[in-house]
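Step one of this worksheet: look at the structure below.
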Amino acid sequence: MSRPHPAGEPAPRHVLILGGTTEARRLAAELAERPCVRVTTSLAGRVTRPGSLAGEVRTGGFGGAEGLAAWLRGRHVDALVDATHPFAGTITANAVRAAAATGTPAVILRRPGWQAGPGDLWHPVASLAEAADALPALGRRVFLTTGRLGLAAFAHLSGLHFVARSVEPPEPPLPPDTRVLLARGPFTPAGERDLLRAHRVDVLVTKDSGGAATAAKLTAARQLALPVVVVRRPPLPEDADAVAHVVADVPAVLEWLGRRERPRLSGR
């Protein structure tokens, strides 16, 4: 529900967060404490138990860029924050298009990607399909941490044993020899090292999600001298810089919002 405001005072600024990340949750909590802000977080609905969120919450798609643009106009959104996962390329593209179509000020929050350091045995690839192609030459026992929606890319691989970790149970197709571990980060290097040893893992597959919550597996792989297949994140849309401000963390989003004057919404 919307926060009531005294009669005669301007309505709170409406901020829409495209969420699903730790950063989105933190941002919503920060903004919900401000009496001059109405915050709505939109979730794609892929996780059935996303946890509590501050402010208003909506779940499900908008119907592409056009649907999102209509929502921005209809709900009188003053600022759009794309704080989705770095691999949610379609959502980000729709956000950029909708912001451009409606003139809504927009910011894209993208945590920095991971960087290989001394001792890391990384094999960067451009896609999950390329990751699957690389595996037979790197190991036979695979720790797969690409999320439950990415397992189909490995379903054709026989002769390999997979340990797949996800927050919720994955749906088929899965690789023929797969053990599923249900867990949610953050994780610790010691815990990840124990897991890799217990399952006799000899190669790790991950997306370059960035952030600290799931980075411990990279430390553990380095300590155990294991190869890591790293799927590079997709680039931002070509016109993103022209439409939206791109920042790396929640404080930068808050600073950006603080610099914005209430936009004129004529025609929206």
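Given the options 181, 226, 196, name the one that is aliphatic (A, V, I, L, M), surrounded by fewer than 20 Cβ atoms within 10 Å (Cβ to Cβ), under 23 Å from residue 159 (Cα atoms) and at pLDDT 95 or above. Steps first, please.
Details: 226 fails: surrounded by fewer than 20 Cβ atoms within 10 Å (Cβ to Cβ); 196 fails: surrounded by fewer than 20 Cβ atoms within 10 Å (Cβ to Cβ).
Among 181, 226, 196, only 181 is aliphatic (A, V, I, L, M), surrounded by fewer than 20 Cβ atoms within 10 Å (Cβ to Cβ), under 23 Å from residue 159 (Cα atoms) and at pLDDT 95 or above.
Taking into account only those residues within the range 199-216 that are of a type in the set (Val, Ile, Thr), modelled with pLDDT of 95 or more and under 18 Å from the mean Cα position of the chain (by Cα), which is surrounded by the fewest Cβ atoms within 10 Å (Cβ to Cβ)?
206
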- Item | The one condition in (1) surrounded by fewer than 18 Cβ atoms within 10 Å (Cβ to Cβ); (2) of a type outside the set (Gly, Ala, Ser); (3) modelled with pLDDT of 95 or more; (4) under 27 Å from residue 25 (Cα atoms) that residue 171 fails to fulfil | (3)
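How many residues, within the range 159-192, are touching a His at 6+ places or on another chain (Cβ under 7 Å) and of a type in the set (Val, Ile, Thr)?
Of all residues in the range 159-192, those touching a His at 6+ places or on another chain (Cβ under 7 Å) come to 163, 177.
Now narrow it down to the ones that are of a type in the set (Val, Ile, Thr): 163.
Count: 1.
Quick one: which helices (runs of 4 or more DSSP H) lie wholly within the range 165-267 and hold at least 3 residues that are under 30 Å from residue 75 (Cβ atoms)? Before you say what the answer is, go through the steps one by one.
Details: elements: 189-198, 216-223, 240-243, 250-259.
Qualifying helices (runs of 4 or more DSSP H): 240-243, 250-259.
Given the criterion touching a Pro at 6+ places or on another chain (Cβ under 9 Å), touching a residue at least 12 places away in the same chain (Cβ under 8 Å) and basic (Lys, Arg), identify the matching residue among 165, 148, 141, 197.
One residue alone meets the criteria, 148.
Applying the selection to the range 87-105, what residues are in a loop (DSSP other than H, G, I, E, B) and either in the same structural domain as residue 214 (by TED's automatic domain parsing) or surrounded by 22 or more Cβ atoms within 10 Å (Cβ to Cβ) (or both)? Before you say what the answer is, go through the steps one by one.
Taking the range 87-105 as the starting set, the residues that turn out to be in a loop (DSSP other than H, G, I, E, B) are 87-88, 103-105.
Correct list: 104 only.
So which of 193, 233 is closer than 24 Å to residue 140 by Cβ and charged (D, E, K, R)? Before the answer, list the steps.
On the way: 233 fails: closer than 24 Å to residue 140 by Cβ.
Going through 193, 233 in turn, just one is closer than 24 Å to residue 140 by Cβ and charged (D, E, K, R): 193.
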- Query: For the range 113-155, which residues satisfy the criterion of being closer than 25 Å to residue 45 by Cα and either outside any helix (DSSP H, G or I) or aromatic (Phe, Trp, Tyr) (or both)?
  - Reply: 113, 127, 144, 145, 146, 147, 154, 155
- Residues in the range 35-52 that are at pLDDT 90 or above and either closer than 17 Å to residue 80 by Cβ or among the acidic types (Asp, Glu) (or both): how many? 7
- Message: I'm checking my understanding of the structure. Among residues of the range 111-120 that are closer than 25 Å to residue 153 by Cα and surrounded by fewer than 16 Cβ atoms within 10 Å (Cβ to Cβ), which one is farthest from the chain's Cα centre (by Cα)?
- Response: 116
- Out of (1) touching a strand residue (DSSP E or B) at 6+ places or on another chain (Cβ under 6 Å); (2) not in a strand (DSSP E or B), the one residue 80 does not meet is (2)
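The values are calculated or read from the model by the stated rules, or taken from the named source; none is laboratory data. On a predicted model such as this, the values are computed, not experimentally measured, just so you know. As a convention, Cβ positions derive from the backbone with ideal geometry for all residues, glycine included, and neighbour counts pool all protein chains shown.
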